[in-house]
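Structure record follows, encoded as structure tokens.
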Amino acid sequence: MREGHKTMNDTKIRINKITLWDLKSVAHGVINLNAMDTFRQGKATIMGLYGQNASGKTVVVEALAIIKHIMNGQRIPPRYLDCIANGKDECSIEVEFLINNEDYDYTVIYKCTLAHRNDPNECDDNLKKILAVISESLRARGTFLGKKIIMQDIARTSEHDPHISPAEKRTVLFGTDQNVLRTLELQKVLALYGSRSFIFSSQAFDAMKRNARICKNENAVWPHMLIAYLKLYALNSFIVIDELAALNHDLYIVKKIESLSVPLKIPKMLGSDAATLKEIVDDIDALLPYLNNILSSIVPDLALEYKHEIISLDKGDDKYRAEFLSNRKELGAFPFKNESLGIKKIVSFIILIAEVYNNPSFTLAIDEIDASIFEYLLGEILDVVSASGKGQLIFTSHNLHPLERLDAQSVWFTTTDPASRYVQMSKKATNNLRNMYLRAIQIGHEDKELYSGDSKHALAYAFRKMGRRK
């Protein structure tokens, strides 16, 4: 970034739209998060997704998890290998981002197509599969230092084209040095079979950075900066808690790095044998009073303690034995690992909710936010974030109580149609969105069916039949 340009500290980023093709149960689905107005006003953007089981709710969170890995330049984890819909050869994800500071105002659209390919590192008869990024594109429009930029490609790649497209943008981004371009074409192939993105790879980013510094061309600077912003956002300000993270009850702290608030996952320290760095221990000690202040307003008489001791006599060795404890007024202190599932869930994400409340560029996506949590408490948390929060919260839920708290523009519902998987309801001030949804389940919404299942009479008959089996 050239001198005088705004840094990530001054830049706000938010997800505005998610489009899916052939991801698990979603043949096609579009969710518009309506982030533009709240983004400009400095308010929180909330999107809750509701629907019956296996109707495409978790798919949205998994898609965002894949995008986070991609923008971090990381390999897509093997657990997402089954994300492609049954009978399809590939799937696609498109996410629209808003990026804004005093100098820039952009809409950036990233799209990737994923498909199974043989893992080149396996040479036995039982070839393993990887989830390859077989094509991707990054487009943007907006204003840059007062100049309007129409929607245009920043970069496109495809496994069937060895080059980076479009040709004129390739020259702007990477220059004309043929050795550099040939190296990048090789890196493009390595990214494909490494189950990674090329556009967000460190090799492409470094080549862009070098060229922008050498040519000092504004046309090369702004695309490089957008990719830099998205990479930093994915690394520091975009947290996805999908099914696996929820089961693990991962704990986070928020570490201050210069003027940035960076959420960091705490290494597993719920047992008494884990070792960690003194820096993390100090960060947890500093954060604990603030966390307990929040917890005491949610769960009366609950406080967390953090017990640690050094486990090495070697000078300079910063390994510790550490353990979280729950302290209840009536029960005293006991290992946090023995707490109820609901308390573990609250503690695992409450620090991140606080970051959504305070940080306008922070996005948190949680699958099944309501699991093991008292519904009234969930409604209170969402009410507070909606009323005076600054960041972005995306969640799936089965609990209908929040429907009485959230604006209709903040809620999406799944349908029974895989080709049109998501829908919104418009309501008047006198309508209750929860009641509208329950009614729509029974009779449908406009031309969409929201629930597929037999009547309760058919269910009772099936129960009786089971009981009469020989």
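Annotations for the structure displayed:
- Against the conditions (1) among the hydroxyl-bearing types (Ser, Thr, Tyr); (2) surrounded by 21 or more Cβ atoms within 10 Å (Cβ to Cβ); (3) more than 30 Å from residue 11 (Cα to Cα), residue 158 satisfies every one except (2).
- Figure legend. Inter-residue proximity from the stretch 74-90: first residues open to solvent by 50 Å² or more (accessible area, probe 1.4 Å), second residues part of a helix (DSSP H, G or I) and of a type in the set (A, V, I, L, M, F, W, C), beta-carbon distance below 7 Å, spacing 6+ or different chains. Indicated pairs: 79/244.
- Comparison of 419, 460 shows that the only residue that is open to solvent by 50 Å² or more (accessible area, probe 1.4 Å), part of a helix (DSSP H, G or I) and among the small types (Gly, Ala, Ser) is 419.
- Any hit, the stretch 393-404, residues being small (Gly, Ala, Ser), open to solvent by 20 Å² or more (accessible area, probe 1.4 Å) and either at pLDDT below 95 or within 24 Å of the chain's Cα centre (by Cα) (or both): no
- When the stretch 344-369 is limited to residues that are surrounded by fewer than 21 Cβ atoms within 10 Å (Cβ to Cβ) and either over 20 Å from residue 410 (Cα atoms) or at pLDDT below 85 (or both), the one that is farthest from the chain's Cα centre (by Cα) turns out to be 344.
- Residue identified as without any contact (Cβ under 8 Å) to a residue 40 or more places away in the chain and under 19 Å from residue 240 (Cβ atoms) among 95, 108, 59: 59
- Selection of the stretch 50-73 for residues being under 18 Å from residue 397 (Cβ atoms), assigned to a helix (DSSP H, G or I) and open to solvent by 30 Å² or more (accessible area, probe 1.4 Å) yields only 58.
- Applying the condition of being outside any loop (DSSP other than H, G, I, E, B) and touching a residue at least 60 places away in the same chain (Cβ under 8 Å) to the stretch 189-211 and asking which residue is farthest from residue 172 (Cα to Cα) yields 193.
- Pairs where the first residue, in the stretch 437-462, is hydroxyl-bearing (Ser, Thr, Tyr) and the second is open to solvent by 60 Å² or more (accessible area, probe 1.4 Å) and part of a helix (DSSP H, G or I), C-beta under 9 Å, 6+ apart: 451/442
- Pairs are defined by a Cβ separation below 9 Å, a sequence spacing of at least 6 or placement on different chains, a first member in the stretch 143-160 that is within 15 Å of residue 191 (Cβ to Cβ) and modelled with pLDDT of 90 or more, and a second member that is open to solvent by 80 Å² or more (accessible area, probe 1.4 Å) and of a type outside the set (A, V, I, L, M); the pairs so defined are 157/163.
- Boolean, residue 384 is aliphatic (A, V, I, L, M) and under 16 Å from residue 47 (Cα atoms): yes
The values are calculated or read from the model by the stated rules, or taken from the named source; none is laboratory data. Since we're looking at a predicted model, the values are computed, not measured. So basically every Cβ, Gly included, is an ideal-geometry build from the backbone, and we count neighbours across all protein chains shown. These area figures cover heavy atoms from the full protein model, side chains too; ligands, DNA and RNA do not enter into them. Shrake-Rupley method; radii C 1.70, N 1.55, O 1.52, S 1.80 Å.
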